[in-house]
Structure formats: structure tokens, C-alpha cells
1. Given contacts defined as C-alpha pairs under 8 Å and at least six residues apart, what's the relative contact order of the chain, whole-number percent?
2. Kindly flag which residue pairs out of Lys68/Lys136; Lys3/Lys150; Lys13/Lys140; Lys4/Lys92 have an alpha-carbon separation exceeding 29 Å in this structure.
3. Could you state the number of Å between the C-alpha centres of the range 24-60 and the range 92-164?
4. To the nearest 500 deg cm²/dmol, what mean residue ellipticity at 222 nm is calculated for the chain from DSSP H runs of n ≥ 4 alone, each contributing -39,500 (n - 2.57), summed and divided by the residues?
5. So how do Val53, Val61 line up by other beta-carbon neighbours within 10 Å, fewest first?
6. Across all directions of projection, what mean area in square nanometres is found for the Cα convex hull of the chain?
Amino acid sequence: MEKKPCSNSLAVKTSHVLPPDTNTHGTLFGGKLMAHIDDVAAIAAVRHARKPVVTASTDSVDFLAPVKEGDSICVEAFVTWTHNTSMEVFVKAVTEELITGDRKVCTTAFLTFVAVDDNGRPIPVPDVYPETELEKLLHKDAPKRAEQRKERRKNSKELAAKFGTNYPWHHENNV
């Protein structure tokens, strides 16, 4: 497979934040922003792989600035790193107060996607290469983030095994 530049996968979505998108504080629901993030990141991953993808993980999403009703939210994503069947996607969300033009980064996140075949089995993806300084920085640090994800996933599996599938779990474990 031929290597592809990070920029080939760039996906951008801008939406107007309307009353149904907001909570009682008049700001965008966090879950709504997370849905935008997953949507745009998935488009970037498909653009890179040119195959169907599934979300494998989302790193922490920190809400850095509120997104108010009437503002716009612009979500940008691109593939920063690949490993066999997986792709790391960097996402930046920017809120803009449309009347004043004041813009703020409201969140950044990394998501991991896996390309899959028609049976849902992982399949190889092309390598990606950075061109800009920012892309190079993200690409260079990606193996460290991948190792952290691997450790977090291991811990999540251990916790899931301890809690099991019974409900209510707290009665079963005398908690």
C-alpha cells in the first residue's frame, strides 16, 4: 500500500449550535460535541483507509471552553499515525461567537479507529506521513500515546472482568 500524507484525511464539519443542542446552562451538551468528534474523526479514518472503520477508543475529552447557543462549532480531524490495522486521529474543536468572531479551541482529542472488512475483521491500512511541523509533532509522540492506550485497555478489561455482567453489581460484591 502506498503511504499517504496526513492532509489527505482532513475532515471538517461546522454546525450552528441551536437550542435543542444545549443544556440548562445554554451551552452545547458534552455528548453532542462528542458525537460531532466521533463523526468527523470516522470520516477522516475512512478517507485514509478507504475502507469501513470502527471506533476502537477515544482518549480523554477535556472541555476547555463553553460552546454557547448561537455559536458555531467547527470540528477538524486528520489521521496522525497508523499501526497495522489501526489509525490514530487527532481532533480539534473550535467554537466561534458568530457576531464578534471570537474563536476558542473548546476541546482536543485523539481517537483510534480500526479498518474492517465485510465480516468486521481488522484489515491493514496504509502508512501515513506528516508534512507540517504540527503533524510531525503529533506523529512523533503517537507511539507513546498508543502504549498508554494499550495499558488503559488492559486495565479496562480487568475492571470489566471484576464487575461482570450481573446487575446490580454492588449487591453481588457487598459494596
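1. Values: 335 pairs, mean separation 42.6, N = 175.
In percent, rounded to a whole number, it is 24.
2. Lys68/Lys136
3. 10
4. Working: 3 runs with 55 residues, N = 175.
For the chain, the value works out to -10500 deg cm²/dmol.
5. Details: Val53 24, Val61 17.
The order, fewest Cβ neighbours first, is Val61, Val53.
6. Details: hull surface 52.3 nm².
Dividing the Cα hull surface by four gives the mean projection, 13.1 nm².
Just so you know, all these numbers are worked out from the coordinates, no wet-lab data involved. Treat the numbers as computed from the prediction; the structure is a model and nothing was measured. Methodologically, a virtual Cβ is constructed for each residue, glycine included, from the backbone with ideal geometry; neighbour enumeration extends over all protein chains shown.
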